[in-house]
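Only one structure is covered here, and it is reproduced in the block below.
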Amino acid sequence: MEIQEYNISENNFEQCIKCTVCTVYCPVVPVNPEYPGPKQAGPDGERLRLKKGIFFDETLKYCLNCKRCEVACPSGVRIGDIIQAARIKYGRKKPKLRDMMLAGTDFMGSIATKVAPVVNTTLRIKPVKQIMDGVLKIDHRRTFPKYASQTFESWFRKEAAARQEKFDRHIAYFHGCYANYNYPQLGKDLVKVMNALGYGVRLLDGEKCCGVALISNGMIDQATRNAKTNVRIMSEALSSCEAVLGTSSSCSFTLRDEYPHLLGVDNSAVRDHVELAVKFIYRLLESGKASLKFKKDFKARIAYHVPCHMEKLGWGIFSAELVKMIPGVEFTVLDSNCCGIAGTYGFKKENYEVSQAIGKPLFDQIKVIDPDYVACDCETCKWQIEMSTGYKVMNPVSILAAALED
Amino acid sequence: MVQHGIKNDNEFDVIIIGGGITGAGTARDCALRGLKVLLVERNDIATGATGRNHGLLHSGARYAVTDQESARECIEENMILRKIARHCVEETDGFFITLPEDDLDYQAKFVQSCNSAGIKAEIIDPKEAIRLEPSVNPSITGAVRVPDGSVDPFRLTSANITDAKLHGAKVMVYTELISFIKEGDTVRGVKVHNRITGEDMEFYAPVTVNAGGIWGHAIAEKAGTTINMFPAKGALLIFGHRVNNIVLNRCRKPANADILVPGDTVCVIGTTSSRVPFDEVDDMKVTPDEVDLLLTEGAKLAPALASTRILRAYAGVRPLVSADNDPSGRNISRGIVLLDHETRDGIKGFISITGGKLMTYRLMAEWAADAVCKKLGTDKKCQTMDIPLPGSKSEGVEEISRKIWAHPTASQKATAGRHGDLTVRVPSEDELDTSLVCECEEVSVGEVKYAINELDVHNLVDLRRRTRVGMGTCQGELCACRAAGLLARARNCAEGERNDLKRFLNERWKGIYPVGWGDALRESEYSQWVYSGVCGLEK
């Protein structure tokens, strides 16, 4: 009989055989007893929700969307997607002003960079933090990322764009909100490394925020609009560029996987060419098509934290291998452990304690290893680790750039 | 009305044999009329055809063209059950769809027949039907909307039993009829055997009601008469989750596998129809041909069924009373058959209530109780069409659960869905009581304790019928051992519970076996590792 040979429907929660390994690997379960865990919130809960929407449980908001459950699942169930899709479909709580501010990384960044010194100073003042805590429920113990006074895009146009065209081969850079508004140095480092590899860098024509924070804060319409624009401009860029590269694991993960799975935006035409710079660079070096010259006297003890979305992508190995390749690096990979921030999650007052409890084993291990600095592909992990341990965190691309021979 | 002169504990006004929905309904009806009632059931409640059907709250539309009387009974009872059994019923509506291979002319005749039977039948645009029920076959050429729904037969039976007991009825499960106590041509009582204690007992009443479903055939023989019954097997498949939210039927003459019913967290396709010998009715097996037929025809109603995981297969036996030599049993009336054996066979104090269907159980009970009252010489009126069943007295799931818990969780809402307003009796104070036994259906420890303490649960299979423990996708993999632990504690008997656990898992496997491929097979392999590897169970 032809039908029913593989009985796998598009509702792939049916592949779940209840082994519960997802719940074992969930970082939230051990620290927040209110969260039912990925198995119950995902495949189990979905059966009840299919019966009636009233069986939606608001505690699903405690999901970090770290996707560790999906990495753990031996049956290929997209557990994290099921939970996020349920929040999108059934969640009745509208995003608050705070959520909109935290999620609107693009909008907030474009305003804040214009008055960066004022914003950066203000956000460090204790009374301001207290007010934000009281009124907006953004936890006062958080340190905020600083805003840059010049965006990466603006620097690129003025200082770098012209010379990129001298190269024969090009990649398009999806810089994301962080490199653009908070830390343009990361973008500058990427340009330096790609140029050293013989590639020119181009920007996308009107890049929008990838939408990762919009999705987790329930602002799905705007996330979908951004997704459609980004897929279109990436597709245009790919006519003259070999790939669209990112330096943020969460941005790249969102562009590749969350667009089709959660927003229903078809990215199949571009997906295979959207990746993290580290993967692209590793392949170039490994195949011998390009090489990098490093400083002779470079010395650093580096501990690498694999961000959750990097684990989901399965690409942590590329960052690790690249950093290890640098002569003079003493390298350790940290144990697989979510740092607890999960984008905007840890900024929210109600999640602060949980967030810090999740990250504690990671923080403790970093302190024991006592590296010169931590390597990590995700900006929110960086903020969390820097705030919670005092150790500096650098993107692997920035480490490569710093180690390059001048 | 308690009969004057009754002094002993073993004397009743009426003895009812059979704990299916008909017996349970009759017990409730008689108890509400003030009679002293005894119900005996040789297994658990709802073990026969009651628990082995679609769980369809028929609008009657299916019978409208062929059997106006059944159709009228169905729609009337349908409307009554919506009022009195709210927590057992889901008002989903139903579609009768026409496929390209069906004759669209049948639709007009169908709608006209529905209307004349009092069933609201509305022709809707196929596009609108697809919008309302996206799982329906997109090539439909016609659709009629009718007030079908779904009904949980276990819950319905249990609620009837609970109410009968609240009104003084004595209910004895696992108690088998050995013989009738007769004086000449009068049935005076019954001799029964308790299968748990091993005890034999005698009970007396002026009237005994045979409500044994297909087993009523053998019961009547014990009383010295015969009912010409026609055991018609019907096989069904349960899918892992709800594919549809509106009942799907084919708009044509009733045939095989043409109804897909969404019930609780699953959906059910059925049925087949074939005559089986009486000696097989205790152990129905679903054949590969039946599975193939159900899947092939089912996928015509909702194509997604072809790729949806099947949880299990099961079959029931319809207690049809034959009137002619129809070999399939399809054309026998589904009408109610009430036999007064005094006028029919000259046996006094004995009546049989049979035929009919789950949908018309209340009306069957009313007829039976009327006949009992007539024999007892009392004129107490039936009240079951107005008085809600226990659990169905108040509002919906959300209101009920919010009254008990300020912020009900999904599992608390699931409990409220199963027990209605009786949910207040489910312990939920401490962490143990709120933790889960069954994760697929979200059954808490408290709910299991409630079932053990108040709902006549003797083993894991009984518990499943009261709470849905083990009815979900894992089919007992995670919940059975936890539930067995609670039962062992309640009964203070670990060894007995170990055997019960084995029986339960084997019973689950029996239903999985006919559909044992793909994910269902992976899951049962995993279950086997858990139970033979971790728990050390053999066989």
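The values are calculated or read from the model by the stated rules, or taken from the named source; none is laboratory data. Since the model is a prediction, treat every value here as computed from it, not as a measurement. Don't worry about glycine lacking a Cβ; one is built from the backbone with ideal geometry, like all the others, and counts go over all protein chains shown. Surface areas here come from the heavy atoms of the whole protein model, side chains and all, with no ligands, DNA or RNA. Shrake-Rupley method; radii C 1.70, N 1.55, O 1.52, S 1.80 Å.
Observations on the structure shown:
- Label-point separation in nm, B:E525 to B:E11, each point 7 Å along Cα→Cβ: 6.5
- Taking 0.36 nm per residue of separation and subtracting the Cα-Cα distance, full extension of the segment from A:E405 to A:K228 would add 59.7 nm.
- Label point of A:K289 set 7 angstrom out along Cα-Cβ; within the stretch A:159-183, amide nitrogens under 14 Å from it belong to A:168-172.
- Gain on full stretching of the segment that runs from A:S240 to A:T20 - 0.36 nm per residue minus C-alpha separation: 74.6 nm
- Within straight-line reach of A:K228, meaning a Cα separation under 26 Å, sit the following lysines at least 8 residues removed in sequence or on another chain: A:K61, A:K67, A:K89, A:K93, A:K94, A:K96, A:K208, A:K279, A:K312.
- Rg/Rh for the stretch B:426-534, where both radii come from Cα atoms and Rh is the Kirkwood radius: 0.97
- Counting charges near A:Y178 (Lys, Arg +1; Asp, Glu -1) among other residues having Cβ under 15 Å from its Cβ returns a value of -3.
- Angle of helix A:379-389 to the longest C-alpha principal axis of chain A, folded into 0 to 90 degrees and rounded to 10: 90°.
- Cα gyration tensor shape for the stretch A:12-90, rounded if a/c is under 1.5, else prolate or oblate: oblate
- Amide N proximity, the stretch B:8-34 versus B:N194 label position 7 Å along Cα-to-Cβ, cut-off under 16 Å: B:9-11
- Separation of the B:F278 and B:K127 label points, Cα + 7 Å toward Cβ, nm: 5.8
- Over chain B: helical MRE at 222 nm, DSSP H runs n ≥ 4 each giving -39500 (n - 2.57), nearest 500: -11000 deg cm²/dmol
- Hull volume per residue, based on the alpha-carbon atoms of chain B and their convex hull, is 149 Å³.
- Descending Cα extents along the principal axes, the protein assembly as shown, whole Å: 116, 63, 51
- Degrees separating the helix A:316-325 axis from the principal Cα axis of chain A, which is the longest one: 20
- Near B:I161: Cβ cut-off under 10 Å, other residues only, Lys/Arg at +1 and Asp/Glu at -1. The net charge is -1.
- Comparing mean-square fluctuations of A:I341, A:I17, A:I366 from a GNM of chain A with C-alpha springs under 10 Å, the top value falls on A:I17.
- Chain B: DSSP helices with Cα axial extent of at least 15 Å and average Kyte-Doolittle hydropathy no lower than -1.0: B:21-32, B:68-84, B:105-117, B:153-166, B:288-301, B:361-376, B:479-491
- Shape category assigned to the stretch A:187-268 from the gyration tensor of Cα positions, a/c cut at 1.5: prolate
- Three-way shape call for the stretch A:211-361 based on the alpha-carbon gyration tensor, with the a/c threshold at 1.5: oblate
- Global size of chain A as Cα Rg and Dmax, reported in angstrom: 21.1, 71
- Fraction of accessible area attributable to carbon and sulfur, the stretch B:137-262 (%, probe 1.4 Å): 49
- Mean Cβ count within 10 Å, highest first, over the residues of peptides B:115-122, B:65-72: B:65-72, B:115-122
- Shielding by partners for peptide B:466-478, expressed as the average number of C-beta atoms from other protein chains within 10 Å of each residue's C-beta, is 2.
- Percent RCO, i.e. relative contact order, over chain A, from Cα pairs under 8 Å lying at least 6 residues apart: 15
- Per-residue ³J(HN,Hα) for the stretch B:87-97, Karplus 6.51 cos²θ - 1.76 cosθ + 1.60, θ = phi - 60°, Hz, x for Gly and Pro: 7, 9, 10, 10, 8, 9, 6, x, 10, 10, 9
- If R0 equals 30 Å, the separation of the Cβ atoms of A:S110 and B:A406 corresponds to a calculated FRET efficiency of about 0.10.
- For the stretch B:363-412, the normalised intensity computed at q = 0.18, 0.20 Å⁻¹ comes to -0.66, -0.72 (log10 of I(q)/I(0), Debye sum over alpha carbons, equal scatterers, no solvent).
- Counting Lys and Arg as +1 and Asp and Glu as -1 over every other residue whose Cβ lies under 15 Å from the Cβ of A:M101, the net charge comes to +4.
- The stretch A:230-366, relative contact order in percent, only Cα pairs under 8 angstrom and at least six apart counted: 19
- Counting Cβ atoms of other protein chains within 10 Å of each Cβ in B:242-249 and taking the mean gives 2.
- Using alpha-carbon coordinates, inclination of helix A:277-286 to the longest axis of chain A, degrees: 60
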